[in-house]
Each structure stands twice: as C-alpha cells, then as structure tokens.
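Have a look at the structure below, then the notes.
Every number in this text was worked out from the coordinates using simple rules, so none of it is lab data. What you see is a predicted model; the values in this text were computed from it and never measured. Note: ideal-geometry Cβ built from the backbone for every residue, glycine included; neighbour counts use all protein chains shown.
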Amino acid sequence: MTGFFRKYLARYDDHMQELLAGTSIAFALKVFAAGLAFGLNVVLARLLGAEGSGIFFLAFTIVLIVATVGRVGMENALVKFIAANIAAKQPGKILGVYQRAIHYSLFMSIPLSVFLYLLAPWASQVIFTKPELVYPLRIMAMAVVPLAILTLHAHALQGLRKIAASISVLSLIIPLLTIAVAILFVPRYGIDAALWGYLLANIITLLVGRWFWLRATGKIINHKSDFGRRELLTVSMPLFGVVMLNMIIMWSPLLLLGIWESSENIGIYSAASRTAMLTSFILVAVNSIAAPKFAMIYQQGDIETLGVVARNSAKIMLLLATPVLLLFMLLPELVLTIFGEQFKQGAVVLVILAIGQFINVATGSVGYLLMMSGNERLLRNNLLFSALLGMLLNLWLIPNYGIIGAAVGAALVLSLQNLVSMMIVWKKLKIMTFPWVRL
C-alpha cells in the first residue's frame, strides 16, 4: 500500500506531492476533528435538549464573534508572513511577527472580554429577551482571551507547516475535553458543567498551543529580529475585515434567530447548520496545507504553478465532499435523529445549508488565494457586499419564515460570495479554480 501511494505521488510535482501527502495527514486529523465537533453537538443536544443546546450555542456564537474581533485579523497575517519569511530564509522575522501579533490581540481581547461580561445581563434581557442567557454568556465571556490567543498559535503553527499541531490546537483538543466534561458532569449539573468545561478546555488548549510553538521554534529563538508594525497592520487590517465579514455571514442567521425565535428553534437550526458544515470540512483540511503553500509560490512569482496547485486541490475537495452532500440530501431526517427526535424538524434546513456548503467546496480555496496573493482588499469588498446582502435577507426571511428563511439566506449568500471570489481570482490571477472548467 505504501509503495502504491509513493507511486501515485510521483505523478505530480513537488508542490502537489506535498499538498497530497500533507492533505492525507490533515484529512485524517480533520475527519477526527469533524467527528469530535459533531459529537459535541450530539452530546449537548442529547443531554440538554433543543432548548438547552440552543442557549449554549447562542452564547458560544457571541463569544466566537467577540474573540474574532480580539484577534484583529492577525491569524491570517501570521500564516502569510511566517510562510513568506520561511521562503525568504529570514527566520528571525518569524518570531518578530509572532510577538507583535500576540501583543495586539491581548490588547484588544482583554477589554472585550471584560466588556462582554459586564454587558451580559443587558444583552440577554434587552436584545435577545432571554434572561436564562445571562449566566452562560458571562461564563463564556471568560473564554474570549484564551480562544483568541490559542487561535493565533494554531495559525502560526500552520505558517510553519506544523499541520498536525495546528489542527490539534484549533479543532481537536477543545471539543475532546468539552465532550469528556459534558458526559461526566452535565447529567448532574446541567448546562453549567458544559460551560465550565468549554472554558477549561480553552485554557488547556492555549497552554498546549504555546508548548507546540516553543518546541517548533526552539532552534531560532535566539535569532529574533523586529518586524515592522506598519507592514503587519497594512496586511492584518484588510484581513481583519475579511475575517469579521466572514463571521457575520456565517453566524448572523443564528444571532438573529436568537432575537426572533425560541431557544428550541435555535437549537434545531444550530444542529442542522453544524451538520451541514461537515460538507466543507475537507476545505479546511486542504486549506491548512494550501494557504502557506499559496503564499510561498506567489512569493516566488510562479503563477502557473499556483494555478495548477489550486485546481488540483479543488478536485480533491469536490470528490471527497460529494458523498457527504448526497447523504444529507437523501436522508436528512435520519441524520438529524442522531441529535434526538425533536431535531427532525430541521431536515429541510439541513438540505438547504448542505447545498450552500457544497458550492463553497466546489469553488476551491478562493479566499485563501486572494489573501495570500495580496488581493485582500478585493476579497474584503466582496465579503462586505455579501454581508450586507445577508443581513437584508435575514431581516426579511427570518421574521417571516423562521429557520427555513435563515437557511435560505445563509445558503444564497455563501454561494454568491464564493462564486464572485472565484471570478475575481480568474480576473486577477488568470486561475480558474472550479475543477474541469477551463477558460
């Protein structure tokens, strides 16, 4: 089997061999991570029911957005600059950009955490009209800082091409620990155990991420050189806009459902949404290898090779995502009964969201191609339009059609966003990422 795999890899150039070999590792880890994330949703849904899991994931979504603000776009800047400085053989700047990114994120995330903690009663009772959200939101607020900083460590490790460590920090450890705590303590202590378990998991994961980083950079620790503040901010600010707009597009339906719908419907939509995201987990796996690879190839000025790698990675993603999509489209009720009988109401939601995720995968790594090739502003402008469209659709569809309306708006915006990004990649780089289509 090993001989066959080596013979298969030998058909491709060095870049694709690394992508395929790395993707096989990343894919295995992401399959495990996706299974854990899905398992966490199932465990919480089973133990807390639709209403309890709806409150948990509403608080989780709010904290996820606040932590994203706290990172101020540094995560993708770290991937870009660390990979580029490896290619340029300037290891000292790797430590310089890492240190600046951490400082900026701490400066933003600490006040935001305190602010969210203090505002939790007002937000819960006035905005969401859910008094039961106050305590969960306050506990989750304490996870803002560790979540922001551990995410930076995961992306820094991605820039170093330490893919296993990066995926472990970003996607594996937190759901694994939270599941363990939930199974042991939620039956006795309810949602409180799940909340404290998630907070503890974030703190432990941050420590693990820091250890991975020190281990990976031990040989260059004494070669640190300063990294220009302006250079970092010039790239991170547009990327910050990109990340924030992505968050708005992804999570605004759930937040607006929190305003107009019951906690039970929030839980049903959350289960369907997180299940649909299994369609695109392969995109995350490939991107973990492809993003630093794109940055390195673009730094070397080899656009032709960049196009080959981008198209071939899109083929891999599309082939692997198709069976998952078919399962969700043909047997949505059966899939959702894993969460419990009441979650079968989200079958139509699952089908709609899965189609949107499939288009996301089929268009390839267009977002990372634009970010790693200096076209962050064009990507940001596309996302700004998509976010505004999404808000308008949500404000119209959710009050009138509930969770079905939220799903339709989310799928339409995600599809349009990626199709437009694909055309921008073609216009700026002359790369058509959609597999088997040549212009």
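Just a few scattered comments:
- Sequence-separation-based contact order of the range 13-429, relative, with Cα cut under 8 Å and 6+ spacing, percent: 23 percent
- Above-threshold pairs, the threshold being 29 Å between Cα atoms, out of K30/K130; K93/K427; K162/K344; K93/K162; K30/K293: K30/K130; K93/K427; K162/K344
- Helix axis angle, 191-216 relative to the chain longest principal axis, alpha carbon, degrees: 10 degrees
- Farthest positive-ward along the chain dipole, Cα basis, beta-carbon charges - from L397, V134, L245: L245
- Cα gyration tensor category, rounded, prolate or oblate, for the range 172-273 with a/c compared to 1.5: oblate
- Simple Cβ-charge dipole of the range 229-372, Lys/Arg +1 and Asp/Glu -1, about Cα centre, in debye nearest 20: 340 debye
- Dipole magnitude of the chain, debye to nearest 20 (Cβ charges: Lys/Arg +1, Asp/Glu -1, about Cα centre): 1360 debye
- Leading residue at positive end of dipole, the chain (Cβ point charges), from G374, L233, Y298: Y298
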